[in-house]
């Protein structure tokens, strides 16, 4: 039995904020941001948008792409660090919107690693027989928790949501092959929210991001008995272009093998990998049979990687 992605979807707020726009708020420039991050623009949620509305829009797009209805879903998982409410869960609000009354629904919080954590949870539900189809969403409104006066962090983030539908399929080479997850609360203070505002020790997060995402990718491939040469696409958490380039270098992979959406999405935390998946699927870069490694690292620290055959 394999957990196969049969549909993807995404949603990005209409408001686009360029680097030049940020220069009106803090002392920075387009050149400074591009050189240090690779980001050119990001999407920012409007006052009448929320993590829930973004998640619903991405879910509806994924359901349409998969050719299934909301009633066909057995489990709904939303990975987010920026929920609209403490309760009910964002997943239950999505459930209400898509016309599902029977699936179990829950939110998970693993920051930027949330979508990869969600992939393992979804796969376990399918492997155990508890669910046949799972709706997994990564959705964030990071603009609500950034300090708009801190140029070292505010320029890095954007809002958005991405979703996938996973389905149990027998005797299919496609689907999730292996996942490895880790966390270490020793480093809880290097990336956190304080008074509901994001704080980050940039150099430490950079160092851990490169080291841990490279290591977990290699460890997962070894676990799966797959060579690095067999990987068609590296689809990492979209945190910083320098981090992505450094991971590719450590893995001795051509950067052409990395799918990058950071330049026009910025860091959308748990939404970044599903947004990249949806974009690459729609523009034809991802084709059936492609082997994809998806590493991520986030606050906690949390990190992990999923190996999936498209």
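Residue count for segment 89-99 satisfying the condition of being touching a strand residue (DSSP E or B) at 6+ places or on another chain (Cβ under 7 Å) and surrounded by fewer than 21 Cβ atoms within 10 Å (Cβ to Cβ): 1. Among the residues making up segment 100-115, those that are in contact with a helix residue (DSSP H, G or I) (Cβ under 7 Å, 6 or more places away or on another chain), under 18 Å from residue 179 (Cβ atoms) and crowded, with 22+ Cβ neighbours inside 10 Å are 110, 111, 112, 114, 115. The lone criterion from (1) at pLDDT below 95; (2) in a loop (DSSP other than H, G, I, E, B) left unmet by residue 152 is number (2). As a summary of the residue check, residue 159 satisfies the conditions (1) in contact with a helix residue (DSSP H, G or I) (Cβ under 6 Å, 6 or more places away or on another chain); (2) outside the structural domain of residue 40 (by TED's automatic domain parsing) except for the one numbered (2). Filtering segment 154-184 to residues that are closer than 30 Å to residue 44 by Cα and more than 18 Å from the chain's Cα centre (by Cα) leaves 154, 155. Of the residues making up segment 169-204, those that are within 30 Å of residue 1 (Cβ to Cβ) and loosely packed, with under 14 Cβ neighbours inside 10 Å number 4.
The values are calculated or read from the model by the stated rules, or taken from the named source; none is laboratory data. Model, not experiment: these values are computed from the prediction. For neighbour counting, all protein chains shown are included, and Cβ atoms are generated from backbone atoms with ideal geometry for every residue, glycine included.
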